[in-house]
1. For segment 93-98, what does the Karplus curve 6.51 cos²θ - 1.76 cosθ + 1.60, with θ = phi - 60°, yield as ³J(HN,Hα) per residue in whole Hz, taken in order and with x for Gly and Pro?
2. What is the Rg over Rh value, at two decimals, for segment 32-189, using alpha-carbon atoms and the Kirkwood definition of Rh?
3. Which three numbers, in whole Å and largest first, are the semi-axes of the equivalent ellipsoid of segment 284-435 derived from its Cα gyration tensor as √(5λ)?
4. Kindly provide the pair-distance distribution of segment 302-357 built from C-alpha pairs, with 10 Å bins from 0 and whole-percent values in order of increasing distance.
5. Taking all pairs of distinct Cα atoms, average 1/r, flip it, and tell me the Kirkwood hydrodynamic radius of the chain in Å to one decimal place.
6. Across all directions of projection, what mean area in square nanometres is found for the Cα convex hull of segment 174-249?
7. Could you give me the percent of Cα pairs per 10 Å distance bin for segment 396-455, shortest bin first, beginning at zero and ending with the bin that holds the maximum distance?
8. Could you run the Debye sum over the Cα atoms of segment 173-303, one equal point scatterer each and no solvent, and tell me log10 of I(q)/I(0) at q = 0.10, 0.18, 0.19 Å⁻¹, two decimals?
Amino acid sequence: MSLLRQLIPYAVLALLVAVGAVPARAQDRPSDFGITVPSIATSLPQYGDPFGYRKQLNDHGVTYSLIDTSDMLSNLSGGIRRGTIFQNKLEGQLYIDLEKLAGWKDWTFYANAFGISNDGRMRRDYVGGMNTIAAIEATPTVRLSELWLERWFGPVSLRFGQLAADAEFFYSDVSQIFLQSDWPTIGAVNLPGGGPAYPLSAVGARVKYELPKDASLLFAILDGDPAPPCPRADPDTCNRYGVNFRLSDPAFMMGEFQWRRNRGNNDTGLATTLKIGGWGHLGQFADRRFANNGMLLASPASSGTPLMHRGDYGAYGVIDQQLYRPQGGDANSGISIFNRSAISLSDRNLVNVEIDGGIVFAGMIPKRPADSFGASVIYSRFSGSVRAFDQDQINFGNLATPPRDYEINLELTYAAQIVPGWIVQPVYTYIWHPSGTGIRYPDAQVTGVRSIVRF
């Protein structure tokens, strides 16, 4: 019965669209109402703004959007246990052009928040892995995410407030179709609190410099722990509402160079985006194999306290490459591939190599030009120090399973547009070696469907 109640809003939405509707006046455009397309509002009477409030706000520089993402996922085999979960994230976004609203030239304000609900977490409770399966997985709550001001000084912008690093750094545009597209595992499992990325964010500042010839330089410095030191498995439970606003932790920094080619709507060549970046954290990190008395941690003669290292570092590269661009198509159409690769220090990290990539076919079905489908893979390798520690435990008789080696996710998905702004997306994911061995938790198979509604 609870599942039926959760599905009722989508049935009502489908009915409204089907009977739909009276269009807005011919001279009006969605942008006149502050609507970013695609949006379900373009299929509703008067763009879903019968009293004109959204348009009035837009006229004064205030725009908003709502994005509702729902997943129904089942673990068919392997992992910790079989079962089905339903999870939902309702995101509200607010953008204010402060020049229009208050006369502050080149100033903007942005805030977003999440309403998160679920009756279980597929990755944590059913599969037992570490790679993302569905990126909206998080502790049920209402949570503030980003809250910032931005000022442009010619080609340079300064953004400060509460920021999420994954909003601008270390992501692939092509990969966004996939449920498992998320802040990479190499950051999520190694950094305090998982790093300043969904569902958490951190106080800090970001500088962006727009270089000539479609290039940019970005640098951010943020508080290094988006949640207090958290003894529980899920750091977001220790900053449940996103309002801790911490400033006292060792800093986390990221820098990235971005280069783009043929991304414009009037371009005809194959589109390319290249990103090269790195991160550093100034905190203390425990050695994965050695104790502070120089002995192996697994040895009975060790102090049992890990050797501590100052700082942690990593580097990464991202490429989005269009292989085929249909005549008249944009940079997101046709056939594209992507890759994200990253490395970090072995002695202080759980994972020190991650490679993910895939292929996306967009607008390739003549009668379904807004649909897309594809396949993606995430490979996360446990660091050499972790594998050596596990072998040490085996040698000392403390471990019966093989050393942890890697975890791999394969996702196959199809995103079908019901109407502009509403996507329904079946998905299948196979997970090899959840948490690294494939023995403690056998290989798992997850299938389900996602719905995304944008208003």
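The values are calculated or read from the model by the stated rules, or taken from the named source; none is laboratory data. Keep in mind the model is a prediction, meaning the values are calculated, not measured. When the accessible area is computed, the model is the full protein with side chains, heavy atoms only, and any ligands, DNA or RNA have been set aside. Shrake-Rupley method; radii C 1.70, N 1.55, O 1.52, S 1.80 Å.
1. With the stated coefficients, segment 93-98 comes to 10, 10, 10, 10, 7, 6 Hz.
2. Values: Rg = 18.9 Å, Rh = 18.2 Å.
Answer for segment 32-189: 1.04.
3. Details: eigenvalues 403, 56, 24 Å².
Computed over segment 284-435, the values are 45, 17, 11 Å.
4. Each 10 Å bin holds this share of Cα pairs: 19, 29, 21, 16, 9, 5, 1.
5. Numbers: mean 1/r = 0.0421 Å⁻¹.
When all Cα pairs of the chain are included, the Kirkwood radius is 23.7 Å.
6. On the way: hull surface 26.3 nm².
The number I arrive at for segment 174-249 is 6.6 nm².
7. The calculated distribution, bin by bin, is 21, 31, 22, 16, 8, 3, 0.
8. Relative scattering, expressed as log10 I(q)/I(0), comes to -0.49, -1.09, -1.15.
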